[in-house]
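The values are calculated or read from the model by the stated rules, or taken from the named source; none is laboratory data. For clarity, every value in this text was computed on a predicted model and none was experimentally measured. Note that each Cβ is placed from the backbone with ideal geometry, even for glycine, and that neighbours are counted across all protein chains shown.
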Amino acid sequence: MIRSAKIALDVLLCGASVLLAVMITTSDARAEVVSRSSDGFTLRFAVGVEAAPEDVVTAVSELPQWWDPAHTYTGDSVNLSLAFEEGGCWCENLADGTVFEHAVVTGITADRVTMTAALGPLHDKATKAELTFGSEPENRGRLVTIDFVVEGPDLGVMADGVNMVMDQAFDRLIHQIEYGEPPQP
């Protein structure tokens, strides 16, 4: 009886170890400052989801719905718009009636959307700010990615702060892809 209890405990612990290993390898830990110099940085976010390629591109086209209002100039995502076409503007209508251009769409394919996007404090400072939303086949779904390449004098120090904001944006994008609606506050 004691021996069979020990065997059962060993099997249980072995199963728990395998489950823990699977949980660790499929965790949400996916944000990374890929490179950094005094004059720029590259961020990468990636996670696997069960989705079709068109789900990813559709979710990106719905950016005004899922973008965090805390990271807008007006504090309200309803003021955002995205003309989802090459040359289209990701814009924000400001209280004074002017329109602020956050980004310009530079390319759209079945599995990738690229923008020139000197967001927030990068505006008027970045000499390059390329934001790419992508997806590629992985297991039973897609590996969804955001790559953000930023260059400009002394911008390397901003990598961690921009990484934090973009990580929040990535979480909200993934929610939009998985549930078809923006996350609730």
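Residue-wise test of (1) under 20 Å from the mean Cα position of the chain (by Cα); (2) of a type outside the set (Lys, Arg); (3) closer than 28 Å to Glu151 by Cβ.
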site: Arg36; (1), (2), (3): yes, no, yes
site: Gly40; (1), (2), (3): yes, yes, yes
site: Gln65; (1), (2), (3): yes, yes, no
site: Ala70; (1), (2), (3): yes, yes, yes
site: Gly87; (1), (2), (3): no, yes, yes
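Where in the stretch 53-109 are there strands (runs of 3 or more DSSP E), lying fully within it, with 2 or more residues that are out of contact with any strand residue (DSSP E or B) (no Cβ under 7 Å at 6 or more places or on another chain) and closer than 16 Å to His123 by Cβ? Show your work before the answer.
Values: elements: 80-82, 89-93, 99-108.
Where strands (runs of 3 or more DSSP E) fall fully within the stretch 53-109, none carries at least 2 residues being out of contact with any strand residue (DSSP E or B) (no Cβ under 7 Å at 6 or more places or on another chain) and closer than 16 Å to His123 by Cβ.
Please specify each residue of the stretch 9-51 satisfying the condition of being among the aliphatic types (A, V, I, L, M), modelled with pLDDT under 90 and over 30 Å from Leu122 (Cα atoms). First the steps, then the outcome.
Within the stretch 9-51, the subset among the aliphatic types (A, V, I, L, M) is 9, 11-13, 16, 18-24, 29, 31, 33-34, 43, 46-47, 49, 51.
Filter again for modelled with pLDDT under 90, leaving 9, 11-13, 16, 18-24, 29, 31.
Residues satisfying the conditions are Leu9, Val11, Leu12, Leu13, Ala16, Val18, Leu19, Leu20, Ala21, Val22, Met23, Ile24.
All but one of (1) surrounded by fewer than 18 Cβ atoms within 10 Å (Cβ to Cβ); (2) closer than 25 Å to Ala159 by Cα hold for Ser81; which doesn't?
All conditions are met except number (2).
Taking into account only those residues within the stretch 93-111 that are under 27 Å from Thr74 (Cβ atoms) and either among the small types (Gly, Ala, Ser) or in contact with a Cys (Cβ under 7 Å, 6 or more places away or on another chain) (or both), which is surrounded by the most Cβ atoms within 10 Å (Cβ to Cβ)?
By that ranking, first place goes to His102.
Go through Gly107, Gly120, Gly134, Gly87 for me and flag whichever is out of contact with any Leu (no Cβ under 9 Å at 6 or more places or on another chain), closer than 20 Å to Arg172 by Cβ and of a type outside the set (Phe, Trp, Tyr).
Gly120
Filter the stretch 112-168 for residues that are surrounded by 14 or more Cβ atoms within 10 Å (Cβ to Cβ) and of a type in the set (S, T, N, Q); which is farthest from Glu178 (Cα to Cα)?
Of everything passing the filter in the stretch 112-168, Thr116 is farthest from Glu178 (Cα to Cα).
How many of the residues in the stretch 110-164 are of a type in the set (D, E, K, R) and in a loop (DSSP other than H, G, I, E, B)?
Summing the residues that are of a type in the set (D, E, K, R) and in a loop (DSSP other than H, G, I, E, B) in the stretch 110-164 gives 5.
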